[in-house]
Amino acid sequence: PTIMVRSSKPGEKVKLLNGKEIEPRPAAIMIATDKQPIGVGGVMGGSETEVDENTRDIILECANFDMYSVRRTVMEHGLFTDAATRFTKGQSPLQNLATLAKIVDEIRGHAGGQVASPVIDDNHVDKAALARDSVHPPVELDAAFVNQRLGLKLTADEMAKILRNVEFEVDVKGENLTVKAPFWRTDIELREDVVEEIGRLYGYDHLPLELPRRDLTPAKKDQLLTLKEEIRDYLASSGANEVLTYSFAHGDLLNKVGQDSAKAFQIANALSPDLQYYRLSLLPSLLEKVHPNIKAGHDEFALFELGKAHIADQLNDEGLPREDELTALVIAADDKLKKTGSAFYQAKLFLYGLIKNEPTFKPVPEDMRSYDITKPYDMNRAAFVYVGETFIGIIGEFKPSVTRALKLPKYCAGFELDTTAIQKVLGQTRYTALPNFPKVVQDITLKVPADVSYQDLFGFVQGEIDKAKPADSLTCVTPVDIYQKEADSKNITLRLQVATHERTLTDAEVNKLLDAVAAAAKDKLKAERV
């Protein structure tokens, strides 16, 4: 006779020992002859190979079956047998010969059977496992490792005795043990497995009842999370509404705001066709919500979001995608309200309250106008935000093309800030004592060519005052007026406030300071004091 192990064939049926005929699932393990199946491996034998009082010749087959395949077969056909109970728990592949020898001995002793053929051993066990007669390699550990986890004070020899009682092979060298499990044990692979075995055999009721020591030092607060809570509290109390949009965006939305979808991570298993790319910044997601809110009847509002963005070609030191923590806000008012003034300054009010350090605003450099974070903005109505020398983000109104594409109202502006940069500059806050003496206030008006920007002049004047101001003094320069009557020139008026900690300055001293500033401005910017 021929015995083989194979998968079930389509349409094949087998009648089992319990009288039930089944059509095995396609992946079921079948014991078969060269003509027909005679049993379901690891589950139940077939009725055609059943032993009765007329049986004289039998073939003994001892095998080990894949526990996961047996479990699936059992559940599909509802065959909960003793064999299935054992095989679904996983059996050692090294015990087949011992089991076969035992059943042969039983048949010879009780039924007078005679062995009619040699043993055929078709195994696929790792050669190293066969050589050591153990499923897993020996485990090395020391007595201290066991005692530390069980809270005991056993010696290495006492541990070895406990293990040898259940047929483990243990080699003891000082306080170190090398433990080899018997061939039928498949669960001894790690040091912790040996610890569990010793604890179980020694008796869990003998283990000391003592809670493990733990550090009661309070965990440090996450400064970034704390900052995010503060940002949310401030913006919400200022009248803005927080939204939580998807971290994914449609490629069409990125194109509408001028961002390059090729720089965004594309999602292989997107939730929907509308969520194809990981967003490059938060602003497009906010701008997309403006028109639906106006259409829903909300005439004037501010939306903000705190979240993350990724750019495909920007990786961190570990070679992983860099996560940018961002804070974005958009303000908008329906055109029917006919709001006057510029939305830029309304967004600026939110920004001033958010960044407690005095922010400064500078034009967006030419070489940075192609960045994805700057793409939605109108460069003539936008500015980079700095605190000292630290770049914080960008603020401004949006391009006409973006306004048309997303149906934004005319009164619309926003900003996008680096949250981690905000955390950095807020941690640099320093207290400067105010002078006790009265401050002196004087204005200076400078006539400059039309191509000189306000920012260039303001920065120059501020720098000259810092160089020429009296020692131990506090100064403040603020804008007053910009007036342009002629096409080739304009008048810019700035106000200087200065006070010292030593005495009250005179008007003559302050005017001398402004004269020095005017002279420097004339040489550098061709400015005339008016």
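The values are calculated or read from the model by the stated rules, or taken from the named source; none is laboratory data. Predicted model, so just to flag it, every value in this text is computed and none were measured. Cβ sites come from the backbone with ideal geometry, for glycine too, and all protein chains shown count toward neighbours. We work out accessible area using only protein heavy atoms, side chains counted, and drop any ligands, DNA or RNA first. Shrake-Rupley method; radii C 1.70, N 1.55, O 1.52, S 1.80 Å.
Structure above, values below:
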{"read-out": "Long-range neighbours under 6 Å by Cβ, at least six apart or interchain, first residue under 16 Å from Pro182 (Cβ atoms) within the stretch 152-169, second β-branched (Val, Ile, Thr)", "value": "Ala160/Val170; Ala160/Val172; Ile162/Ile198; Leu163/Val170; Arg164/Val170; Phe168/Val179"}
{"read-out": "Strands (runs of 3 or more DSSP E) within the stretch 417-530 that include 2 or more residues of a type in the set (D, E, K, R) and farther than 30 Å from Val330 by Cα", "value": "440-449, 489-500"}
{"read-out": "Count of the stretch 1-52 residues which are outside any loop (DSSP other than H, G, I, E, B), surrounded by 13 or more Cβ atoms within 10 Å (Cβ to Cβ) and without any contact (Cβ under 8 Å) to a residue 24 or more places away in the chain", "value": "2"}
{"read-out": "Of all residues making up the stretch 369-385, the number that are in contact (Cβ under 8 Å) with a residue 12 or more places away in the chain and open to solvent by 40 Å² or more (accessible area, probe 1.4 Å)", "value": "3"}
{"read-out": "Output for the stretch 481-506, where each listed residue is surrounded by 19 or more Cβ atoms within 10 Å (Cβ to Cβ) and among the basic types (Lys, Arg)", "value": "Lys490"}
{"read-out": "Among the residues listed as Thr327, Thr403, the single one being surrounded by 21 or more Cβ atoms within 10 Å (Cβ to Cβ) and among the polar types (S, T, N, Q)", "value": "Thr327"}
{"read-out": "Selection within the stretch 97-134 - within 26 Å of Ala181 (Cβ to Cβ) and among the small types (Gly, Ala, Ser)", "value": "Ala98, Ala101, Ala128, Ala129, Ala131, Ser134"}
{"read-out": "Candidates Glu50, Glu140, Glu106 - the one that is in contact with a helix residue (DSSP H, G or I) (Cβ under 9 Å, 6 or more places away or on another chain) and acidic (Asp, Glu)", "value": "Glu140"}
{"read-out": "Residue list for the stretch 259-295, restricted to those being in contact with a helix residue (DSSP H, G or I) (Cβ under 8 Å, 6 or more places away or on another chain) and closer than 17 Å to Ala312 by Cβ", "value": "Gln259, Asp260, Ser261, Ala264, Gln276, Tyr277, Arg279, Leu280, Pro284"}
{"read-out": "Residue count, the stretch 330-360 (criterion: more than 30 Å from Ile294 (Cα to Cα) and buried (at least 19 other Cβ atoms within 10 Å of the Cβ))", "value": "1"}
{"read-out": "Helices (runs of 4 or more DSSP H) contained in the stretch 178-282 and holding at least 2 residues more than 30 Å from Gly90 (Cα to Cα)", "value": "223-237, 251-256"}
{"read-out": "Filter pass, Asp252 being within 25 Å of Leu329 (Cβ to Cβ), out of contact with any Leu (no Cβ under 8 Å at 6 or more places or on another chain) and not hydroxyl-bearing (Ser, Thr, Tyr)", "value": "yes"}
{"read-out": "Of the criteria (1) assigned to a helix (DSSP H, G or I); (2) among the acidic types (Asp, Glu); (3) closer than 20 Å to Leu190 by Cβ, which one Glu140 fails", "value": "(1)"}
{"read-out": "Failed criterion for Gly239 (all others in (1) free of Cβ contacts under 8 Å to residues at least 40 places away in the same chain; (2) under 29 Å from Glu229 (Cα atoms); (3) loosely packed, with under 15 Cβ neighbours inside 10 Å; (4) of a type in the set (Gly, Ala, Ser) hold)", "value": "(1)"}
{"read-out": "Subset of the stretch 250-289 [buried (at least 23 other Cβ atoms within 10 Å of the Cβ) and more than 18 Å from the chain's Cα centre (by Cα)]", "value": "Leu254, Val257, Gln259, Leu283, Pro284, Ser285, Leu287"}
{"read-out": "Hits in the stretch 65-101 (condition: part of a helix (DSSP H, G or I), in contact with a helix residue (DSSP H, G or I) (Cβ under 9 Å, 6 or more places away or on another chain) and charged (D, E, K, R))", "value": "Arg71"}
{"read-out": "Some residue of the stretch 207-225 being modelled with pLDDT under 95, within 30 Å of Leu329 (Cα to Cα) and either in contact with a strand residue (DSSP E or B) (Cβ under 7 Å, 6 or more places away or on another chain) or open to solvent by less than 40 Å² (accessible area, probe 1.4 Å) (or both)", "value": "yes"}
{"read-out": "Long-range neighbours under 7 Å by Cβ, at least six apart or interchain, first residue among the basic types (Lys, Arg) within the stretch 461-490, second open to solvent by 70 Å² or more (accessible area, probe 1.4 Å) and assigned to a loop (DSSP other than H, G, I, E, B)", "value": "Lys490/Gln484"}
{"read-out": "Of all residues making up the stretch 435-489, the number that are in contact with a His (Cβ under 9 Å, 6 or more places away or on another chain), charged (D, E, K, R) and more than 28 Å from Glu389 (Cα to Cα)", "value": "0"}
{"read-out": "Glu175, sole failed condition from (1) open to solvent by 80 Å² or more (accessible area, probe 1.4 Å); (2) in contact with a Gly (Cβ under 9 Å, 6 or more places away or on another chain)", "value": "(2)"}
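Let's see how each residue does on (1) surrounded by 16 or more Cβ atoms within 10 Å (Cβ to Cβ); (2) in a loop (DSSP other than H, G, I, E, B):
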| residue | (1), (2) |
| --- | --- |
| Ile103 | no, no |
| His110 | no, no |
| Val115 | no, yes |
| Val119 | no, yes |
| Leu130 | no, no |
| Gln148 | no, no |
| Leu163 | yes, no |
| Val166 | no, yes |
